[in-house]
There are 2 protein chains.
Amino acid sequence: MGKKNKDFVEKITAMEDDFAQWYTDVVKQAQMVDYGAVRGTMIIKPYGFAIWENIKNELDRRFKETGHQNVYFPLFIPESLLQKEKDHIEGFAPEVAWVTHGGDEELAERLVVRPTSEVLFGEYYAKNIHSYRDLPMLYNQWANVVRWEKTTRPFLRTSEFLWQEGHTCHADQQDAEEETKRMLEIYAEICEKYLAIPLIKGRKTEKEKFAGADYTLTIESLMHDGKALQSGTSHYLGTGFADAFNINYSDKDGETKLVHTTSWGMSTRIIGGLIMMHGDNRGLVVPPKIAPIQAMIVPIAQHKEGVLDKAYELRDQLKDLIRVDIDASDKMPGWKFNEYEMKGIPVRIEMGPKDMEKEQVVLARRDTGEKEFVALTDLHTRLPKLLEEIQQNLFDKALVHREEMTTVAKNLEEFQKVLDEKGGFIKAMWCGDQACEEKIKEDCQATSRCIPFEQEEVSDSCVCCGKKAKELVYWAKAY
Amino acid sequence: MGKKNKDFVEKITAMEDDFAQWYTDVVKQAQMVDYGAVRGTMIIKPYGFAIWENIKNELDRRFKETGHQNVYFPLFIPESLLQKEKDHIEGFAPEVAWVTHGGDEELAERLVVRPTSEVLFGEYYAKNIHSYRDLPMLYNQWANVVRWEKTTRPFLRTSEFLWQEGHTCHADQQDAEEETKRMLEIYAEICEKYLAIPLIKGRKTEKEKFAGADYTLTIESLMHDGKALQSGTSHYLGTGFADAFNINYSDKDGETKLVHTTSWGMSTRIIGGLIMMHGDNRGLVVPPKIAPIQAMIVPIAQHKEGVLDKAYELRDQLKDLIRVDIDASDKMPGWKFNEYEMKGIPVRIEMGPKDMEKEQVVLARRDTGEKEFVALTDLHTRLPKLLEEIQQNLFDKALVHREEMTTVAKNLEEFQKVLDEKGGFIKAMWCGDQACEEKIKEDCQATSRCIPFEQEEVSDSCVCCGKKAKELVYWAKAY
């Protein structure tokens with residue numbers, strides 16, 4: 001054991017000392033990502049990608065159940081096409097990557113590597129929608145997108161990331177608005193039930209909405225360090241893109257009308273949220289419902305006769321019940337414990353010669369560190385139940401944390417004091433004037449996260465200007 | 001019915017008249033693709049993408065069963081990194097897209113949009129492999145790649161396409177060569193058993209192998225028009241990339257050794273093969289095992305009482321058995337027949353008032369056009385069996401076609417005559433000299449497709465130079 005072993009998990013920075021460094025240490029040590037050769041890009045390693053695949057599968061199933069079809073649109077957008085919707089190009093132009101040459105030749109027109117694909121879908125829909133019979137047209141694609149960001153961090157902000165983008169066309173406003181809401185609810189379900197991330201659902205302000213949208217719905221979550229993360233957005237685009245791209249249809253009476261469009265997306269960014277929501281100073285904590293491995297069997301004294309055979313037998317008995325794996329490598333059990341704690345595997349199953357004698361195993365929970373002895377005959381009922389308890393506990397803990405970190409502020413002094421002392425969400429009334437929103441951003445570095453669907457009147461005057469309040473807003477420093 | 005209806009399937013060019021135009025008509029009319037805004041790119045529409053998803057799922061399952069892990073590597077490759085492996089950069093440089101600007105700034109180093117990712121994986125493996133315990137390392141990614149092609153056709157050759165690329169590292173040559181073969185066999189299984197595409201398996205010549213490989217294994221198929229299609233390749237890269245990227249490991253005795261690497265890929269190109277293999281003058285024909293919809297219910301006289309109810313009931317009864325859908329739109333049955341024939345849906349289930357009385361349906365096969373009456377009580381056994389028969393028939397027909405279109409040639413005169421008169425595969429002996437291969441390509445526009453695993457001695461002298469033959473080669477004009 002004197003020799004340095006590359007498999008051994010290195011110590012990570014404590015989150016209280018340096019949260020950003022803790023995050024970086026965890027994503028590296030838990031084998032989630034590696035840095036790409038190009039600034040701001042990431043390599044998603046098998047463990048990180050397996051988590052993304054689980055999220056993807058859950059989302060994709062729900063998209064299909066709600067009538068959406070998957071498609072694939074090209075990576076490149078001609079510069080002239082991106083310019084068709086004015087707000088849209090203004091929002092994205094500063095952060096796109098440009099292709100200027102193909103082989104040895106300079107291109108006649110520069111190409112944008114897609115930062116999002118509204119314009120490509122817009123042009124397609126204009127050509128392919130003719131009649132009310134064609135509506136709604138409900139497309140989704142799983143794709144990579146590129147945004148040339150100045151400051152990057154794995155998952156949270158990368159020059160290239162993976163996502164899905166839904167783009168839909170509807171005959172009227174009501175149908176499109178229902179779609180916008182429906183997709184937000186699907187994102188919310190995945191976050192709350194699978195990722196154990198409690199959410200505030202609401203609408204973005206005019207200032208924070210998507211470039212080109214009528215309005216943007218959002219789900220906002222609060223990370224361990226008290227900063228907010230936008231976790232998924234769904235945009236009602238009204239008839240703006242339809243007008244810019246001439247997407248119209250004949251209704252039942254033969255009248256020509258513009259369609260109403262939506263778009264919505266969730267990205268690998270949510271994995272950053274997962275890490276910052278549940279992780280601790282021993283590493284990652286992955287909620288069971290999304291964990292690539294829900295339980296890891298670690299044989300104890302595996303050189304003793306029968307231990308490994310019994311451990312493999314156990315793996316085979318459990319593998320149709322849960323996602324289980326076994327580590328029978330020649331590493332010491334303690335090292336294995338560290339590695340799977342770092343990776344946040346929900347349950348460790350320990351089994352040694354004494355357990356074999358007693359026909360039991362030890363179950364160790366990653367979230368609380370608690371251990372329990374379980375008879376082999378009870379494992380089939382106890383394990384799934386334990387996974388449920390862990391899932392629920394992670395959600396409950398996150399909710400308690402958010403509630404502790406949510407504070408009402410009635411004026412800017414209180415607002416600043418909360419930010420200085422604890423951070424978190426600030427619930428404060430707003431007059432609706434963008435000037436106040438901008439002043440808060442400038443003075444306090446906090447942004448409006450959303451106008452929550454569940455409104456309360458925590459005061460009757462705007463937290464910034466003191467004039468009559470219009471609505472409650474959640475504010476926070478954000479990723 | 002006088003009014004032009006956009007849903008109605010337009011007439012397509014007969015394949016005998018103009019095969020290329022027939023192909024273009026089919027991919028458009030069957031709703032597989034649309035053209036992208038950038039030259040040579042394609043939009044994969046829902047129906048085309050659903051076929052790709054089915055292929056992808058079958059491949060992905062087998063990759064995982066054989067121990068491979070999915071990952072995601074970045075889209076961009078720095079120019080300097082691509083140049084590390086000399087043969088590799090020479091092979092790809094003429095056909096890559098270059099990113100030169102990010103936002104408003106010119107980049108210090110140009111970036112390549114990946115045409116393939118050997119160099120990125122190479123650099124990663126060099127950093128992440130240390131000991132024999134780390135081997136084999138078996139990665140795969142599903143991704144888009146870009147190759148700036150001059151002449152493009154949907155699926156067959158596009159500036160951007162979707163594929164998977166496997167990249168693996170092994171301790172020794174034997175293990176790497178076994179992997180190379182294993183992955184080729186997986187491709188072969190998908191092609192033969194799912195896509196009903198009969199194959200010739202073999203090795204590429206030195207001239208035709210992948211840029212940077214020791215050798216390339218390939219599966220080659222013969223399209224309806226007598227041209228060959230390379231349908232999947234698996235490369236044994238030896239220690240060339242390991243040497244260029246310094247990918248080494250300590251073996252059990254502490255000695256430092258280079259790893260042996262492989263790479264292998266299958267792309268959306270195979271969908272082009274599927275179309276050209278089974279399609280006919282009524283459109284696409286999709287083998288049941290890969291068909292997004294295996295049977296389409298078309299109600300007859302659906303305005304009559306009970307017909308639609310009964311049709312939906314039938315759909316619900318069948319949906320756990322096969323992939324079934326129903327078209328209850330107000331289009332005429334004849335139009336629906338045309339549409340689903342164009343889309344190549346294997347079976348049409350017709351059901352009208354008379355059938356209801358007799359408690360039967362009509363099953364119409366897409367491949368042969370044959371119809372049969374089947375009692376509702378027999379449908380659960382007959383339908384799956386019929387789908388199997390169709391699957392087998394498509395494969396058998398394709399095999400007969402390939403055999404009819406495979407001809408032995410013993411000298412260049414015979415060789416040219418076959419190409420002029422019928423095309424197809426030419427089996428001919430080769431001396432192994434690249435000069436002969438190049439002469440054949442120049443004089444006859446046919447390339448060596450592969451040196452088949454199953455060797456025969458159809459003559460004892462080279463088809464080109466007449467000197468002593470070394471091995472049998474399949475030649476053809478190819479896509």
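General remarks:
- Positive-end extreme of charge dipole, segment A:11-278 - chosen from A:Val71, A:Ala126, A:Ile55 (charges on Cβ): A:Ile55
- Taking Cα centre as origin and charging only the Cβ of basic (Lys, Arg, +1) and acidic (Asp, Glu, -1) residues, the dipole magnitude of segment B:288-369 rounds to 320 debye.
- Out-of-range pairs (alpha-carbon distance over 28 Å; input A:Lys201/A:Lys470; A:Lys310/B:Lys289; A:Lys56/B:Lys11; A:Lys28/B:Lys64; A:Lys45/A:Lys331; A:Lys289/B:Lys127): A:Lys310/B:Lys289; A:Lys56/B:Lys11; A:Lys289/B:Lys127
- Cα gyration tensor shape for segment A:369-479, rounded if a/c is under 1.5, else prolate or oblate: prolate
- Within straight-line reach of A:Lys86, meaning a Cα separation under 18 Å, sit the following lysines at least 8 residues removed in sequence or on another chain: A:Lys207, A:Lys209.
- When B:His303, A:His130, A:His401 are sorted by how many other C-beta atoms sit within 10 angstrom of their C-beta, beginning with the fewest, the order is B:His303, A:His130, A:His401.
- Dipole magnitude (debye, nearest 20) for segment A:141-240, charges at Cβ of Lys, Arg, Asp, Glu: 520
- Segment B:276-368: translational diffusion in µm²/s, Stokes-Einstein, Kirkwood Rh over Cα pairs, 4 °C, 1.567 mPa s: 96
- Computed over the protein assembly as shown, Cα set: Rg, Dmax in Å: 30.3, 98
- Built amide H within the under 5 Å cut-off of A:Arg110, gap 5+: A:Glu79
- Taken over segment A:332-428, lysine pairs spaced eight or more positions apart, or on distinct chains, with alpha carbons under 21 Å apart number 14.
- Spatial offset of segment A:295-334 relative to segment B:43-61 amounts to 37 Å, using the alpha carbon center of each.
- Other copies of A:Gly254: label-to-label distances in nm, shortest first, labels 7 Å along the beta-carbon direction: 9.1
- Considering only A:Gly424, B:Leu387, A:Thr447, the residue lying farthest towards the positive end of the dipole of the protein assembly as shown is B:Leu387, judged by Cα position with unit charges set on Cβ.
- Which of A:Ala364, A:Ile322, A:Tyr312, positive extreme of dipole for segment A:295-401 (C-beta unit charges): A:Ala364
- For chain B, a crude dipole built from +1 on the beta carbon of Lys and Arg and -1 on the beta carbon of Asp and Glu, taken about the Cα centre, is about 960 debye to the nearest 20.
- Take B:Thr368, push a point 7 Å out from Cα through the beta-carbon direction, and compare it with the same point in every other copy: 6.5 nm, smallest first.
- Angle in degrees between helix A:269-278 and the longest Cα principal axis of chain A, rounded to the nearest 10: 50
- Of the GluC sites (Glu not before Pro) in segment B:291-374, the ones in a loop by DSSP (not H, G, I, E or B) with at most 16 other beta carbons within 10 Å are B:Glu305, B:Glu359, B:Glu370.
- For B:Val400, label point 7 Å along C-beta direction: distances to other copies, nm: 7.3
- Here chain A is treated as an ellipsoid with the same Cα gyration tensor; its semi-axes, largest first and in whole Å, are 43, 28, 23.
- Charge context of A:Glu372, other residues only, Cβ under 9 angstrom, K/R +1, D/E -1: +2
- Each label point was placed 7 Å from the Cα along the Cα-to-Cβ direction; for B:Lys417 and B:Gln174 their separation is 4.9 nm.
- Chain A: calculated mean residue ellipticity at 222 nm from DSSP helix runs of at least 4, using -39500 (n - 2.57): -10500 deg cm²/dmol
- Compactness ratio for segment A:11-278: Cα radius of gyration over 2.2 N^0.38 Å (N = residue count) comes to 1.05.
Readers should treat all values here as calculations from the given coordinates under stated rules, not as data from a laboratory. The structure displayed is predicted, hence computed values, not measured ones. Positions of Cβ are backbone-derived with ideal geometry, glycine not excepted, and every protein chain shown enters the neighbour counts.
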